[in-house]
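Engineer: Below: one structure in structure tokens.
The values are calculated or read from the model by the stated rules, or taken from the named source; none is laboratory data. Only a predicted model underlies this, so the values are computations on that prediction, with no experimental measurement involved. In this analysis, Cβ positions are derived from the backbone assuming ideal geometry, glycine residues included, and neighbour counts consider all displayed protein chains. Only protein heavy atoms, including side chains, enter the accessible area calculation; ligands, DNA and RNA are left aside. Shrake-Rupley method; radii C 1.70, N 1.55, O 1.52, S 1.80 Å.
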Amino acid sequence: MGSLRDDNHTAVTGFILLGLTDDPILKVILFMIILCIYLVTVSGNLGTIILIRISFQLHHPMYFFLSHLASADIAISTTVTPNMLENFLVEGIPISYHGCCTQLGSAAFFGTVECFLLAIMAYDRFVAIYKPLLYSIKMSTQVCVQFLIVAYVGSFLNASSFAICYYFLFFCGPNRVNHFFCDFAPLVELSCSENSIPVVVPSFTAGSIILFTVFVIIVSYMYIFITILKMRSNEGRHKAFSTCTAHLTAVSLYFGTIIFIYVLPKSSYSTDQNKVVSVFYMVVIPMLNPIIYSLRNSEIKEALKRMLGRKIFHRI
């Protein structure tokens, strides 16, 4: 990539993503696996969005937020996967200085949207189980839209903090990023800036959002479990808990990986481990979410059966 000479420094104007591996055979294998995962991700989440839109029985707040979660899954996977696939085929793929910022900001934005949506969906389950008589009021269309606005505005502010602080970093040395996308931590390692503020601010905003959303989820499920334990009917307990299992699975997978990457001390894991976990939360989890909600949610399975039944009937 090119560079700009500025007095005593050479400012880097682009980066080279090193990707996941240098092994040519492993690159081919990973290319096929990641490509299949990406195709399943797009088709599965797009299918979820379409099913929720056309199925009247899924026109509830929970599925309204699930359709936005599916959109975020497609977006976050698309942010990094095409570059990763290209890197498997052509070694040393360059990415421009501004393109790197766009990728960083997009990953931060859609990753934060997922955090907020999972927290909102936990609150939705809390209201449905703890205060069922007030559900239509507490989760009205207006309230759902307001929650969504908060999620997207909060995500934009978090992504903006990453993008702004990225432009305050000065790169004057190597331009080879030891990752498959422009993540903030490996970029900070390449930076020769002496000011620590651009490093601290994104960590603070991202950490605050993670702590807040985790707190909402934990408190919501504390009340949910207390309410379920107080139910006298075993059938009622099973029905109430079954509506939460898919969401709990998605929460455990997603927050488990982002806490590993963004909360645990960097000294506790290697760069290679970081890349593997990043692949899991940015590529694999977006594929798993529609599968989890399809297999663990009876309403989605019923809606899918009805839709497929109608198509088969019309063909006959």
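Engineer: Can you grab the distance from the C-alpha centre of the stretch 9-79 to the C-alpha centre of the stretch 172-236, Å, no decimals?
Structural biologist: 19
Engineer: Just the accessible area per residue of the chain, please: how many Å² with a 1.4 Å probe?
Structural biologist: 52
Engineer: Using label points projected 7 Å from each Cα along Cα→Cβ, tell me how many nm separate GLN273 and ILE164, to one decimal.
Structural biologist: 3.4
Engineer: Here's another thing I want to ask about it. Taking every alpha carbon pair in the stretch 81-152, what does the distance histogram look like in 10 angstrom bins from 0, in percent?
Structural biologist: Per 10 Å bin, starting at 0, the Cα pair percentages come out as 17, 31, 20, 16, 13, 4.
Engineer: Next question, about the same structure. With every protein chain present, what accessible area does ILE37 have (1.4 Å probe, heavy atoms only), rounded to the nearest 10 Å²?
Structural biologist: 20
Engineer: With the chain treated as a Gaussian network of Cα nodes joined by springs under 10 Å, which of ILE52, ILE228, ILE209 yields the largest mean-square fluctuation?
Structural biologist: Of the options given, ILE228 has the highest mean-square fluctuation.
Engineer: May I ask for the angle, rounded to the nearest 10°, between helix 97-130 and the longest principal axis of the chain, with both axes built from Cα atoms and the value confined to 0 to 90°?
Structural biologist: The helix 97-130 is inclined about 20 degrees to the chain.
Engineer: So how far apart, in nm, are the two label points at SER242 and VAL143 if each is 7 Å from Cα heading toward Cβ?
Structural biologist: Label-label distance for SER242 and VAL143, simple model: 2.5 nm.
Engineer: In Å, the Kirkwood hydrodynamic radius of the chain over pairs of distinct alpha carbons?
Structural biologist: Kirkwood radius, the chain: 21.3 Å.
Engineer: A further question follows. Which of the listed residues, ILE228, THR213, CYS192, is farthest toward the dipole's positive end in the stretch 181-253, when Lys, Arg count +1 and Asp, Glu count -1 at the beta-carbon?
Structural biologist: In the stretch 181-253, that residue is ILE228.
Engineer: With angles folded into 0 to 90 degrees, how steeply does helix 285-296 sit against the dominant principal axis of the chain? Use alpha carbons for both and round to 10.
Structural biologist: 10
Engineer: Show that you can apply the helix-only estimate: for the chain, add -39,500 (n - 2.57) for every DSSP H stretch of four or more residues, divide by all residues, and state [θ] at 222 nm to the nearest 500.
Structural biologist: Calculated mean residue ellipticity at 222 nm is -26000 deg cm²/dmol.
Engineer: Of the residues LEU229, LEU104, LEU304, which exhibits the maximal mean-square fluctuation in a Gaussian network model of the chain defined by a 10 Å Cα contact cut-off?
Structural biologist: Sorting by GNM fluctuation, first place goes to LEU229.
Engineer: Name all residues of the stretch 223-258 having a backbone nitrogen under 11 Å from the label point set 7 Å from the Cα of SER298 along its Cα→Cβ direction, giving them as ranges.
Structural biologist: 235-243
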